[in-house]
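Working notes, beginning with the structure itself.
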C-alpha cells in the first residue's frame, strides 16, 4: 500500500468512526444522486522537511534514529443530499470540523483548517462544501549498523 493511500485511509477511518460516511473517491454507481451525506477524502499536499542536522535525532536500542517533519494537507469534499438543503451541508461541515478538532489521523496533529463556500453541485445533484485541513507530524526512521531502514513511523501513529 502506498504512503498516500495510508494517509487517505487514516483520514477516512477517522471520519467514519465519528459517524461521517467517508471514502477516497465518489462512488461511480452513485454519480447522479445520493440520499446520505458523504465525505470524499483526498491528500492534497505532503511536505517533508529536516527535523535536525542531517536528520539525526540520536540513538535508540535498535540503531540510529533519524527524523523529518511532515506536513500533510487533506482535502475533504463534503456532499449532502438536496433534501437537506444548504443548511444540511452546513451541519455536515460543522460535524466534520468537530471531528478534525477532536481526532487525529494516524498520529498527526491538526495545525489549521479552511472551509470553502457551500454550493450546489449540478453534476452530483448534491450540495457541496470543501474543507482543507493541514496536519503536522514527525516521521521517525531507525537505521541499523548496516544502514538498513526498518520503517518510517509517524510519532505516535501511522507506520509507513
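The values are calculated or read from the model by the stated rules, or taken from the named source; none is laboratory data. Since we're looking at a predicted model, the values are computed, not measured. Cβ placement follows ideal geometry from the backbone for every residue including glycine, while neighbour counts extend to all protein chains displayed.
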Taking first residues from segment 79-93 that are in contact (Cβ under 8 Å) with a residue 12 or more places away in the chain and on the phi < 0 side of the Ramachandran plot and second residues anywhere that are outside any helix (DSSP H, G or I) and surrounded by fewer than 17 Cβ atoms within 10 Å (Cβ to Cβ), the pairs with Cβ under 6 Å that are 6 or more apart or on different chains are 81/35
Selection from segment 1-15 of residues in a helix (DSSP H, G or I) and out of contact with any strand residue (DSSP E or B) (no Cβ under 6 Å at 6 or more places or on another chain) yields 3, 5, 6, 9, 10, 13, 14
Checking 36, 95 in turn, the sole residue that is modelled with pLDDT of 85 or more, surrounded by fewer than 12 Cβ atoms within 10 Å (Cβ to Cβ) and under 23 Å from the mean Cα position of the chain (by Cα) turns out to be 36
Here the qualifying pairs (Cβ atoms under 7 Å; residues six or more apart or on different chains; first in segment 28-42 and under 17 Å from residue 89 (Cβ atoms); second at pLDDT below 80 and not in a strand (DSSP E or B)) come out as 40/26
A careful count of residues in segment 127-140 that are closer than 23 Å to residue 49 by Cα and buried (at least 17 other Cβ atoms within 10 Å of the Cβ) gives 7
When every residue in segment 106-126 that is modelled with pLDDT under 90 and outside any loop (DSSP other than H, G, I, E, B) is compared, the one surrounded by the most Cβ atoms within 10 Å (Cβ to Cβ) is 106
Cβ pairs under 7 Å, 6+ apart or interchain, first in segment 95-107 and at negative phi, second part of a helix (DSSP H, G or I) and at pLDDT below 90, ordered by first then second residue, are none
